[in-house]
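One structure is given here, and the rest of the page talks about it.
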Amino acid sequence: MTEIDQDMYTGALAEYSALRSEITTRINLQHQTLALHMTAVSVVFSVALSGRARWPVLLIVPFISYASSEILASLFRAVEGIAKYVDEELSPRVPGGLGWESWLARQMPNSEVQRMTHPYYLLFPGISIVSLIAIGPFAWTDRVNSHQLGVSFWIVVSAWPLAAAIALLSFKTVRRLRAPF
(Lines give C-alpha, C1' and ligand atoms only; values in the text may rest on other atoms or scores of the structure.)
Protein backbone atom coordinates (compact mmCIF):
# COMPACT_ATOMS: atom_id res chain seq x y z
CA MET A 1 0.00 0.00 0.00
CA THR A 2 1.44 3.34 -1.03
CA GLU A 3 1.59 6.35 1.18
CA ILE A 4 -1.18 8.06 -0.82
CA ASP A 5 -3.39 4.99 -0.42
CA GLN A 6 -2.61 4.92 3.30
CA ASP A 7 -3.56 8.61 3.66
CA MET A 8 -6.80 8.04 1.73
CA TYR A 9 -7.59 5.01 3.88
CA THR A 10 -6.83 6.91 7.11
CA GLY A 11 -8.92 9.90 5.96
CA ALA A 12 -11.84 7.63 5.08
CA LEU A 13 -11.68 5.96 8.50
CA ALA A 14 -11.56 9.33 10.28
CA GLU A 15 -14.58 10.53 8.29
CA TYR A 16 -16.32 7.23 8.99
CA SER A 17 -15.71 7.65 12.71
CA ALA A 18 -17.22 11.15 12.66
CA LEU A 19 -20.23 9.98 10.65
CA ARG A 20 -20.81 7.00 12.95
CA SER A 21 -20.82 9.44 15.85
CA GLU A 22 -23.45 11.49 14.01
CA ILE A 23 -25.53 8.34 13.43
CA THR A 24 -25.28 7.48 17.12
CA THR A 25 -26.45 10.98 18.04
CA ARG A 26 -29.43 10.70 15.67
CA ILE A 27 -30.37 7.28 17.09
CA ASN A 28 -30.23 8.71 20.62
CA LEU A 29 -32.52 11.54 19.48
CA GLN A 30 -34.93 8.94 18.10
CA HIS A 31 -35.09 7.27 21.50
CA GLN A 32 -35.64 10.62 23.20
CA THR A 33 -38.42 11.46 20.75
CA LEU A 34 -40.15 8.16 21.47
CA ALA A 35 -39.85 8.69 25.23
CA LEU A 36 -41.15 12.26 25.00
CA HIS A 37 -44.05 11.13 22.82
CA MET A 38 -45.09 8.39 25.24
CA THR A 39 -44.80 10.78 28.18
CA ALA A 40 -46.83 13.52 26.49
CA VAL A 41 -49.60 11.13 25.42
CA SER A 42 -49.71 9.63 28.91
CA VAL A 43 -50.08 13.07 30.47
CA VAL A 44 -52.87 14.02 28.06
CA PHE A 45 -54.77 10.80 28.77
CA SER A 46 -54.28 11.31 32.52
CA VAL A 47 -55.67 14.84 32.34
CA ALA A 48 -58.59 13.70 30.19
CA LEU A 49 -59.48 10.85 32.51
CA SER A 50 -59.22 12.97 35.66
CA GLY A 51 -62.54 14.70 35.07
CA ARG A 52 -65.54 14.66 32.76
CA ALA A 53 -65.06 18.29 31.78
CA ARG A 54 -61.53 17.61 30.54
CA TRP A 55 -62.26 14.96 27.89
CA PRO A 56 -61.90 17.34 24.89
CA VAL A 57 -58.17 17.49 25.67
CA LEU A 58 -57.92 14.07 23.94
CA LEU A 59 -58.13 15.99 20.66
CA ILE A 60 -54.52 17.05 21.25
CA VAL A 61 -53.20 13.47 20.97
CA PRO A 62 -53.31 13.26 17.13
CA PHE A 63 -51.32 16.49 16.88
CA ILE A 64 -48.70 15.21 19.35
CA SER A 65 -48.51 11.92 17.46
CA TYR A 66 -48.12 13.60 14.10
CA ALA A 67 -45.40 15.95 15.30
CA SER A 68 -43.52 13.11 17.00
CA SER A 69 -43.78 10.83 13.97
CA GLU A 70 -42.48 13.58 11.66
CA ILE A 71 -39.52 14.26 13.95
CA LEU A 72 -38.78 10.54 14.11
CA ALA A 73 -39.07 10.24 10.32
CA SER A 74 -36.63 13.11 9.77
CA LEU A 75 -34.14 11.46 12.11
CA PHE A 76 -34.53 8.15 10.27
CA ARG A 77 -33.99 9.88 6.91
CA ALA A 78 -30.83 11.53 8.25
CA VAL A 79 -29.43 8.20 9.45
CA GLU A 80 -30.34 6.58 6.15
CA GLY A 81 -28.66 9.41 4.19
CA ILE A 82 -25.47 9.15 6.21
CA ALA A 83 -25.49 5.36 5.90
CA LYS A 84 -25.94 5.61 2.13
CA TYR A 85 -23.03 8.04 1.85
CA VAL A 86 -20.81 5.78 3.94
CA ASP A 87 -21.80 2.71 1.92
CA GLU A 88 -21.40 4.33 -1.49
CA GLU A 89 -18.56 6.82 -0.95
CA LEU A 90 -16.42 5.74 2.00
CA SER A 91 -16.68 1.97 1.91
CA PRO A 92 -14.98 1.60 -1.49
CA ARG A 93 -12.00 3.61 -0.20
CA VAL A 94 -11.35 1.18 2.66
CA PRO A 95 -9.88 -2.26 1.96
CA GLY A 96 -12.56 -4.80 2.87
CA GLY A 97 -15.26 -2.12 3.08
CA LEU A 98 -17.31 -0.88 5.98
CA GLY A 99 -20.12 -3.33 6.61
CA TRP A 100 -22.73 -1.79 8.95
CA GLU A 101 -24.37 0.51 6.44
CA SER A 102 -24.84 -2.24 3.82
CA TRP A 103 -26.24 -4.43 6.61
CA LEU A 104 -28.71 -1.65 7.44
CA ALA A 105 -29.94 -1.55 3.85
CA ARG A 106 -30.48 -5.34 3.86
CA GLN A 107 -32.62 -5.14 7.02
CA MET A 108 -35.62 -3.59 5.27
CA PRO A 109 -38.80 -5.63 5.77
CA ASN A 110 -39.39 -8.42 3.27
CA SER A 111 -43.17 -8.28 3.27
CA GLU A 112 -46.03 -5.87 3.71
CA VAL A 113 -47.20 -7.84 6.76
CA GLN A 114 -43.87 -7.16 8.50
CA ARG A 115 -44.19 -3.45 7.80
CA MET A 116 -47.82 -3.18 8.90
CA THR A 117 -47.31 -5.01 12.19
CA HIS A 118 -44.57 -2.73 13.48
CA PRO A 119 -45.29 -1.09 16.86
CA TYR A 120 -44.86 2.42 15.39
CA TYR A 121 -48.33 2.04 13.86
CA LEU A 122 -49.76 1.53 17.33
CA LEU A 123 -47.57 4.19 18.93
CA PHE A 124 -48.40 7.04 16.54
CA PRO A 125 -51.58 6.70 14.43
CA GLY A 126 -53.00 3.94 16.64
CA ILE A 127 -53.05 6.01 19.82
CA SER A 128 -54.52 8.89 17.80
CA ILE A 129 -57.38 6.68 16.64
CA VAL A 130 -57.94 5.46 20.21
CA SER A 131 -58.21 9.06 21.43
CA LEU A 132 -60.60 9.98 18.61
CA ILE A 133 -62.81 6.98 19.35
CA ALA A 134 -62.71 7.69 23.10
CA ILE A 135 -64.03 11.20 22.56
CA GLY A 136 -67.26 9.98 20.96
CA PRO A 137 -68.94 8.46 24.02
CA PHE A 138 -67.96 11.44 26.17
CA ALA A 139 -69.44 13.91 23.68
CA TRP A 140 -72.60 11.87 23.17
CA THR A 141 -73.15 11.29 26.91
CA ASP A 142 -72.57 14.96 27.62
CA ARG A 143 -75.10 15.94 24.93
CA VAL A 144 -77.74 13.44 26.09
CA ASN A 145 -77.37 14.32 29.78
CA SER A 146 -77.59 18.05 29.28
CA HIS A 147 -80.36 18.02 26.61
CA GLN A 148 -78.59 20.89 24.94
CA LEU A 149 -75.46 21.26 22.88
CA GLY A 150 -72.71 22.62 25.10
CA VAL A 151 -69.37 24.18 24.25
CA SER A 152 -67.54 20.86 24.69
CA PHE A 153 -69.78 19.20 22.14
CA TRP A 154 -69.13 21.94 19.58
CA ILE A 155 -65.39 21.79 20.22
CA VAL A 156 -65.45 18.12 19.36
CA VAL A 157 -67.68 18.57 16.34
CA SER A 158 -65.42 21.27 14.91
CA ALA A 159 -62.00 19.87 15.89
CA TRP A 160 -62.59 16.12 15.45
CA PRO A 161 -62.33 16.12 11.61
CA LEU A 162 -59.08 18.08 11.75
CA ALA A 163 -57.68 15.73 14.40
CA ALA A 164 -58.74 12.74 12.27
CA ALA A 165 -56.94 14.20 9.25
CA ILE A 166 -53.82 14.70 11.36
CA ALA A 167 -54.07 11.05 12.52
CA LEU A 168 -54.14 10.02 8.85
CA LEU A 169 -51.03 12.13 8.20
CA SER A 170 -49.34 10.38 11.11
CA PHE A 171 -50.17 7.02 9.51
CA LYS A 172 -48.70 8.19 6.19
CA THR A 173 -45.55 9.41 7.94
CA VAL A 174 -44.99 6.06 9.64
CA ARG A 175 -45.75 4.34 6.33
CA ARG A 176 -42.97 6.29 4.60
CA LEU A 177 -40.36 5.38 7.18
CA ARG A 178 -37.60 3.40 5.54
CA ALA A 179 -36.06 2.31 8.79
CA PRO A 180 -34.98 -1.29 9.23
CA PHE A 181 -38.10 -2.57 10.91
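Quick notes
- The modelled label-to-label distance between ASN110 and GLU89, using points 7 Å beyond Cα along the C-beta direction, is 3.3 nm.
- Accessible carbon and sulfur surface of region 15-76 relative to its total accessible area, %, 1.4 Å: 66 percent
- Heavy-atom accessible area per residue - region 8-119, 1.4 Å, Å²: 55 Å²
- Note on LYS172 and GLN6: with the Förster distance fixed at 35 Å, the Cβ-Cβ geometry gives a FRET efficiency of about 0.15.
- Model label sites at VAL130 and LEU162, defined 7 Å from Cα along the beta-carbon direction, differ in position by 2.5 nm.
The values are calculated or read from the model by the stated rules, or taken from the named source; none is laboratory data. Predicted model, so just to flag it, every value in this text is computed and none were measured. Because the Cβ atoms are built from the backbone with ideal geometry, glycine has one as well, and the counts that use them run over all protein chains shown. What goes into the accessible areas is simple: the full protein's heavy atoms, side chains included, and nothing from ligands, DNA or RNA. Shrake-Rupley method; radii C 1.70, N 1.55, O 1.52, S 1.80 Å.
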